[in-house]
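S.K.: Below are the structure tokens for one structure; questions will follow.
Read-outs throughout are calculated quantities, based only on the coordinates presented, and are distinct from any laboratory measurement. Keep in mind that what you see is a predicted model, and the values were worked out from it rather than measured. Because the Cβ atoms are built from the backbone with ideal geometry, glycine has one as well, and the counts that use them run over all protein chains shown.
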Amino acid sequence: MASTNAVWGIEVGQCALKAVRLRPTGGDQFELVAFDLIEHPKLLSQPDADTDELIRAALDKFAERNEWQGDKFVIGVPGQQTFSRFTKLPPVEAKKIPEIVRFEASQQIPFDIEDVVWDYQVFQDEDSPDIEVGIFAMRRDLVRRQLDFYGSIKITPSMVQTIPSALYNFCRFDQAADLAEGQATVIVDVGAQNTDLIIIEPNSAWMRNIPLGGNNFTEALIKAFKLSFAKAENLKRTAATSKYARQIFQSMRPVFAELVAEIQRSLGFYSQTHRDVSIRNVLACGNAFRLPGLQKYLENNLSVDGGVAKLEKFNHINASQTANAPQFTENIMSFAAAYGLALQGLGVTKIESNLLPPELARVAAWRKKQPIFAAAAAALLVGAFIPQARSTMDKNALETEASKSAGAEAKRIISTAAEFSKEFNQVATDTTAKEENIKKIFELQDKRGLIPRIMTMVTESLPVDPDVAAIKTPEEMKALAKSKPRNDRKQFYLDSVDIEFHKGIDGFVRQDESPQGNSMGGGFSGPSGRGGGSDDTSATGDPGFYVQIRGRLTYGARASDVTSVIENEYFPALREYAKQKGLGFYMPDEDEKAPALAKGKNLAALTVTPVSVDPSQASGGGRGMMLSGGPSPDMNAEVTDPVTGEPIKTDHRFSFGFKLKLGEDPNAGKEEADKAPGQG
């Protein structure tokens, strides 16, 4: 139900504060009551900028020059500070969805669930049993920091929403005429530091934050023309009217290419996982699209039937002097997120999730109801005098037969209430069963950090090439590629990390297997042939996990080189990491059930094979980790590293697994005693 009061939507971006104030006028139309655009003296991302001071100054100016008392506020938080994940649920009853979503959130959010504020949104077509859920989360300390800024000017937001979700809400509501079943619209919002890519369907969404933005164009100008950051930023903003527009465009062309490559990779992944959906058009947002040639470059390089169009108007805002103001129309591409935030406050959007901490949401709800409570108190005060005025009449009425009957009924009700009170006291004193349930819940919470800690062990133990670790820009990576051959650089890319829990990990038998190439060891196997899982009743021994790692390594010309790195560097680093106390698990040295080929070692199914050609996994440069999936395209195609231009056919794909046991290592104390001087 749409609100009848005015609502402010506010986004504090890297360049400026953008605010929109809307009021409903009937139907699905709204009045733009006011707007504000307050540019920061410096970009928040500039090295010498005091971010907190700049944000406070912008909000102080907003509070001084706008009428906002009594209005509702919905504020936006940057996409790069938030976590968004979309997952499909099995067909279940609606009442079971919250329980399933909470479990999914605890598994997928990469922080302790108590350290984040999170919410979710259900996407479901009325005619389909399929259920998709969007999970949104933000670290509690970051949310508090945002709220403190507004608290300094006495503004209490009613909702906190991510900027990508606000952009989805804007497009889903305002551009609904362009949305049809089986088709999707893509929003590309280029900010100063990051680019938000949002794919909108009528009953679904997909979001990605790309770490490229306007600052990358500025840095390209700094290098090309040897300018300061401030002068390069000004040159970028005036590029369209500069007589050196062609030279400016040429200097920024590599950034254009890198941005387009990331967008293409995202759209390619989406198309692979949503084969029944076609991408209809791209809607460009953000003032970065004022750059000469950016829109045309995207249009020429993205295979989208509807092309790339800049945002030019909001379809559901009535024409008015405010809506036609030059400052608003000229900067309309940067107001889309603020518009979407205000629409959510008016109750007309698809995504209704709210990252406002629950304790603060209750305070806001209480303040909203204060006028009602005041009116009720006044009514009670007036009513207190009525019995006194009618006391004589009531006394006479009590002498009738009807009053006697009412008195008997009152006694019966009091007696029944006493019985209920007695039963309640009995239940309140017998809390044993409840305490057992509470203990079980706490036991489950104690184990929730195991999976994140295992993932941390897998990534932190990766061998690092010191030359690659020092790389900070694509240009530096290209220079390194010229001076140091690809086969000499130890660059790891992780495709997947599979973690399976087993009630009895000791009883799991290894089998020699070679799913992708030449096997250098043995593999774990359960009744299914690839590891049983938590329901494996044949397993014996201590509970634990089987961890299977698959990835790609650029180093070495032969499979034996990769095998050596895994066995002599990566696996020992994993073993050393697992010796830390307090992890909740440890890595046993040997496995009695290992087959002969594994030689009893806790290193399973080490396989190495030349890399399969898969453009979705051909990520370039750096020491980063890449998790990807999906079917592989033409295996005979020549695939090159998009950053360095090197062919990746010399890389090797690897796979291996190992066992972890729950608890602390029983041999840890013995090893320390053996190392102690003067003993044993």
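S.K.: Quick check: residue separation of Lys310 and Arg275 times 0.36 nm, minus the Cα distance between them. What number comes out in nm? Mind dumping the intermediate values first?
M.R.: Numbers: separation 35, 0.36 × 35 = 12.60 nm, distance 2.66 nm.
Here the answer is 9.9 nm.
S.K.: Could I ask something else about it? Find the eigenvalues of the gyration tensor of the Cα atoms of the range 17-176, then list the square roots of 5 times those eigenvalues as equivalent ellipsoid semi-axes, largest first, in whole angstrom.
M.R.: Working from the Cα gyration tensor, I get semi-axes of 32, 22, 13 Å.
S.K.: OK, next. Taking Rh as the Kirkwood radius computed over C-alpha pairs, what is the Stokes-Einstein D of the range 177-314 at 20 °C in a medium of viscosity 1.002 mPa s, expressed in µm² per second?
M.R.: 137 µm²/s
S.K.: Which whole-Hz couplings ³J(HN,Hα) result when phi for each residue of the range 52-61 is put into the Karplus expression 6.51 cos²θ - 1.76 cosθ + 1.60, θ = phi - 60°, listed in order with x for Gly and Pro?
M.R.: 4, 5, 5, 5, 4, 4, 5, 5, 4, 5
S.K.: Another question about this same structure. Once you have the Cα-Cα distance between Asn5 and Ala470, take 0.36 nm times their residue separation minus that, and quote the gain in nm to one decimal.
M.R.: That pair, Asn5 and Ala470, stretches by 162.0 nm at full extension.
S.K.: Given a Förster distance of 56 Å, report the FRET efficiency between Arg558 and Glu114 from their Cβ-Cβ distance, rounded to the nearest 0.05.
M.R.: Working from the Cβ atoms, E equals 0.70.
S.K.: Could you work out, for the range 215-256, what percent of all Cα-Cα pairs fall into each 5 Å distance bin, beginning at 0 Å and stopping at the bin that holds the largest distance?
M.R.: In order of increasing distance, the bins hold 5, 30, 38, 24, 3 percent.
S.K.: Arrange Asp465, Asp196, Asp148 by Cβ neighbour counts within 10 Å, fewest through most, would you?
M.R.: Asp148, Asp465, Asp196
S.K.: Fewest first, what order do Trp68, Trp206 take by the number of other Cβ atoms within 10 Å?
M.R.: Ordered from fewest to most neighbouring Cβ atoms within 10 Å, Trp68, Trp206 come out as Trp68, Trp206.
S.K.: Can you list residues from other chains, or at least 5 along the same chain, whose modelled amide H is less than 5 Å from the amide H of Lys310?
M.R.: Ala284
S.K.: Another question about this same structure. Determine the shape class of the range 9-108: with a ≥ b ≥ c the square roots of the Cα gyration tensor eigenvalues, call it rounded for a/c under 1.5, and otherwise prolate if a/b is greater than b/c, oblate otherwise.
M.R.: It comes out oblate by the Cα gyration axes.
S.K.: Could you put Met138, Met457 in order, starting from the residue whose Cβ has the fewest other Cβ atoms within 10 Å?
M.R.: Arranged by neighbour count, lowest to highest, Met138, Met457 become Met457, Met138.
S.K.: Could you give the length gained on full extension between Ala63 and Ile414, defined as 0.36 nm per residue of separation minus the Cα-Cα distance, in nm? Numbers along the way, then the final one.
M.R.: Values: separation 351, 0.36 × 351 = 126.36 nm, distance 5.67 nm.
So the chain would gain 120.7 nm between Ala63 and Ile414.
S.K.: Could you sort 114-125, 333-344, 70-81, 409-420 so that the peptide with the highest average Cβ count within 10 Å comes first and the rest follow in order?
M.R.: In decreasing order of mean packing, 114-125, 333-344, 70-81, 409-420 become 333-344, 70-81, 114-125, 409-420.
S.K.: So who's got an amide H within less than 5 Å of the one on Phe123, skipping anything under 5 residues away but keeping other chains? H placed 1.01 Å off N, in plane.
M.R.: HN-HN under 5 Å from Phe123: Glu132, Val133, Gly134.
S.K.: Now a separate question. Scan around Thr162 for amide H atoms under 5 Å from its own, H built in the peptide plane at 1.01 Å from N, and keep only partners 5 or more places away or cross-chain.
M.R.: Hits under the 5 Å cutoff: Val77.
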